[in-house]
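Here's the structure we're looking at; comments come further down.
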Amino acid sequence: MLSFIEKIWYICAMNTFPHSQTNEQGETCASHPVGRALRLLGDAWTLIIVYTLLSGTKRFGELQETLGNVSPKTLSQRLKMLEEIGFVQRQAFLEIPPRVEYRLTEKGLALIDIMEAIKQFGQRYLSEVEPPPPDDSSAPSSCQ
């Protein structure tokens, strides 16, 4: 049976957005609320990070272990982006060795219903679909 994250990967892999958008169309999409939401939610690593943080506060190493084959650079970039837009709060502790924890903010927790809808969609419509193997090592492979 496919894990939730493998189902998300499959959905993202099936993405067929046209790559020949004009600049005007791209700007319109970027300035429209739906376009901005799709840009955020269309990134599989972002979704997986949010899904993982729904279970509570995590340290960087815990996130990396849970996400599997994500590179530290990719994870760091996505966490920084989520922090900048107010979905994740980063808390650094003055300890040796340094400790940093991440948790969803109220804004991040607002994604619970969306994540649940994606999960239900995958269970209902993709439970029997076997995703193709990832072509790209940067694609998410598993989740708990």
* Structure fact -> Filtering the stretch 64-81 down to residues that are within 15 Å of residue 100 (Cα to Cα) and small (Gly, Ala, Ser) yields 76
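Yes/no per residue for (1) in contact with a Cys (Cβ under 6 Å, 6 or more places away or on another chain); (2) modelled with pLDDT of 80 or more; (3) over 24 Å from residue 130 (Cβ atoms):
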| residue | (1), (2), (3) |
| --- | --- |
| 9 | no, no, no |
| 15 | no, no, no |
| 68 | no, yes, no |
| 94 | no, yes, yes |
| 98 | no, yes, yes |
| 105 | no, yes, yes |
* **The lone exception for residue 38 - which of (1) more than 15 Å from residue 109 (Cα to Cα); (2) touching a residue at least 40 places away in the same chain (Cβ under 8 Å) it fails** => (2)
* To do: Specify the residue that is nearest to the chain's Cα centre (by Cα); the eligible residues are those in the stretch 60-109 that are surrounded by fewer than 17 Cβ atoms within 10 Å (Cβ to Cβ) and aliphatic (A, V, I, L, M).
  => 81
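The values are calculated or read from the model by the stated rules, or taken from the named source; none is laboratory data. Here the structure is a predicted model, which means the values were calculated and not measured. Using ideal geometry, Cβ is built from the backbone for each residue, glycine included, and neighbour counts are taken over all protein chains shown.
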